[in-house]
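A short write-up of the structure that comes next.
The values are calculated or read from the model by the stated rules, or taken from the named source; none is laboratory data. Quick caveat: nothing in here was measured; it's all calculated off a predicted structure. We place every Cβ from the backbone using ideal geometry, glycine too, and count neighbours over all the protein chains shown.
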Amino acid sequence: MKIEEAFGVIIKHHREKLSLSQEKLALESGLDRTYISLLERGKRKPTVNSIFSISSTLKMKPHLLIKEVELVLEKDKC
């Protein structure tokens, strides 16, 4: 699994956990809905700014979001 795919899995999981639509996540993060869709599908690589914006909207620290991506990647190697 690629890093951007793992990132997409994690943000989608947390977005759904908070019952947020892609549109609501995008609006609250100051990003475009199509960008959120592309991130969730692993078609775009997130910028540092978007990681901070998204993690804030998901009510988590950016480093914890990245840590979860690392865990998905480690699990995928097994």
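Structure above, values below:
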| quantity | calculated |
| --- | --- |
| Filter pass, residue 48 being of a type in the set (Val, Ile, Thr) and either surrounded by fewer than 12 Cβ atoms within 10 Å (Cβ to Cβ) or modelled with pLDDT under 95 (or both) | yes |
| Matching residues in region 51-69 - criterion: being touching a Leu at 6+ places or on another chain (Cβ under 8 Å) and either crowded, with 16+ Cβ neighbours inside 10 Å or of a type in the set (A, V, I, L, M) (or both) | 51, 53, 54, 55, 57, 58, 65 |
| Helices (runs of 4 or more DSSP H) lying entirely in the chain (those with 2 or more residues that are of a type in the set (Ser, Thr, Tyr)) | 33-40, 48-57 |
